[in-house]
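Enquirer: For reference, the structure I am asking about is given below.
The values are calculated or read from the model by the stated rules, or taken from the named source; none is laboratory data. Being a predicted model, the structure only gives us computed values, none of them experimental. For neighbour counting, all protein chains shown are included, and Cβ atoms are generated from backbone atoms with ideal geometry for every residue, glycine included. Side chains are part of the model used for accessible areas, which takes the heavy atoms of the whole protein and leaves out ligands, DNA and RNA. Shrake-Rupley method; radii C 1.70, N 1.55, O 1.52, S 1.80 Å.
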Amino acid sequence: MTWTEPAARRALRPPADYRLAASVRSLTFSPYDPCARIAADTFWYATRTPAGPATLALRSGGGELLAEGYGPGADWVVERADAIAGLRDDLTGFSELAAAHPLVARLAAQHRGRRMPATGQVFPRLLRAIFEQKVTGKEAYRAYAATVRHFGEPAPGPMQPLLLPPGPEVVAAAPYWVFHPFGVEQRRADTLRRAAAVADRLERCADSTEATRRLTAIAGIGPWTAAEVVRIAYGDPDAVSVGDYHVPNTVAWALAGEARGDDDRMLALLEPFRGHRGRVCGLLEAAGIQAPKYGPRAPIRSFARF
């Protein structure tokens, strides 16, 4: 079955100021993400559901957000469409917290149509986060895209060439050297394979707190990786990526005018926004705020040649 026609549809009523692209952009790794992309004002999202492969299409028009699902998992993904679009994002209390800092208040107003998505799925985001550990963004994307294409399975629906993310069972069964030509050294490959082996338990976590605890119990996964995952899987607005190379400097520069900051300084500056600390970091990123750059850029390496 080709699944070129939607098997499920749902019309959603977003707030008047809602912005689709701004809300779902965090679900794409780049404009060329093989599993998720924004094209012609439509967001396409390929995933694996408990009911089978699915593709979700989200498009705005006439004050509505139309959700269409393709594939065996169409009903599952359409039922979660509002969460994936960020429409379950709870902004309660944020405007009062944002008022504590003029920049945050201004960004909250400018980007009020941006919502935080919650996919309800841990492993697809974990796959990407592990590839992002301790490397440049270009290195991480290259490894992620190559891995998806290696295990490549076409996603249902008319948007081609959209691919499904690899299932945890095939990742867990792959020897570490499969990932070496993609620029992934054994440390990250083994971490990914360990995580894939317990993916079923990870997907059953009730909330971001339980997921963080289970994730950080896996060798090779620390608070940075866990935060990157739960912010997307659960839409956790308080998840802060402690250990990031850039975020502490960005926060220190934006909130205190300091060109450099460490994790402790970042957390101290974000403390007034507790409950929405990750949201504040997301607003700074959406606004393109960056600390001044000093020194050489990190080199782009290729572990495939090591």
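Enquirer: Among residues belonging to the stretch 35-60 that are part of a loop (DSSP other than H, G, I, E, B) and among the aliphatic types (A, V, I, L, M), point out the one that is surrounded by the fewest Cβ atoms within 10 Å (Cβ to Cβ).
Expert: Once the filter is applied, the top-ranked residue is 40.
Enquirer: Oh, and also: Could you list, in sequence order, the residues of the stretch 1-34 that are charged (D, E, K, R), more than 14 Å from the chain's Cα centre (by Cα) and open to solvent by 50 Å² or more (accessible area, probe 1.4 Å)?
Expert: If the condition is that a residue be charged (D, E, K, R), more than 14 Å from the chain's Cα centre (by Cα) and open to solvent by 50 Å² or more (accessible area, probe 1.4 Å), then 5, 9, 10, 13, 19 are the ones that fit.
Enquirer: Also, I was wondering about something else. Just give me the residues in the stretch 189-222 being farther than 23 Å from residue 48 by Cα and either open to solvent by 50 Å² or more (accessible area, probe 1.4 Å) or without any contact (Cβ under 8 Å) to a residue 60 or more places away in the chain (or both), in sequence order.
Expert: 209, 213, 216, 217, 219, 222
Enquirer: Applying the selection to the stretch 133-162, what residues are farther than 16 Å from residue 77 by Cβ and among the hydrophobic types (A, V, I, L, M, F, W, C)?
Expert: 135, 140, 143, 145, 146, 148, 151
Enquirer: Do we find a residue being open to solvent by 50 Å² or more (accessible area, probe 1.4 Å) and in contact with a helix residue (DSSP H, G or I) (Cβ under 8 Å, 6 or more places away or on another chain) anywhere in the stretch 152-160?
Expert: no
Enquirer: Here's a follow-up. Report whether or not residue 231 is under 29 Å from residue 81 (Cβ atoms), open to solvent by less than 60 Å² (accessible area, probe 1.4 Å) and touching a residue at least 40 places away in the same chain (Cβ under 8 Å).
Expert: Here the answer is yes, as residue 231 does meet what is asked.
Enquirer: So, restricting to helices (runs of 4 or more DSSP H) that lie completely within the stretch 61-169, which ones have at least 1 residues that are at pLDDT 95 or above and in contact with a strand residue (DSSP E or B) (Cβ under 7 Å, 6 or more places away or on another chain)?
Expert: Where helices (runs of 4 or more DSSP H) fall fully within the stretch 61-169 and carry at least 1 residues being at pLDDT 95 or above and in contact with a strand residue (DSSP E or B) (Cβ under 7 Å, 6 or more places away or on another chain), they are 74-79, 81-84, 123-131, 137-150.
Enquirer: Now a separate question. Name the pairs: first residue in the stretch 16-34 and in a loop (DSSP other than H, G, I, E, B), second residue aromatic (Phe, Trp, Tyr) and at pLDDT 95 or above, Cβ to Cβ under 8 Å, at least 6 apart or on different chains?
Expert: Taking only residues 6 or more apart or on different chains, the pairs are 29/141; 29/144; 30/141.
Enquirer: What are the residues in the stretch 169-186 that are in contact with a Phe, Trp or Tyr (Cβ under 9 Å, 6 or more places away or on another chain) and open to solvent by 40 Å² or more (accessible area, probe 1.4 Å), if any?
Expert: Within the stretch 169-186, 170, 180, 186 qualify.
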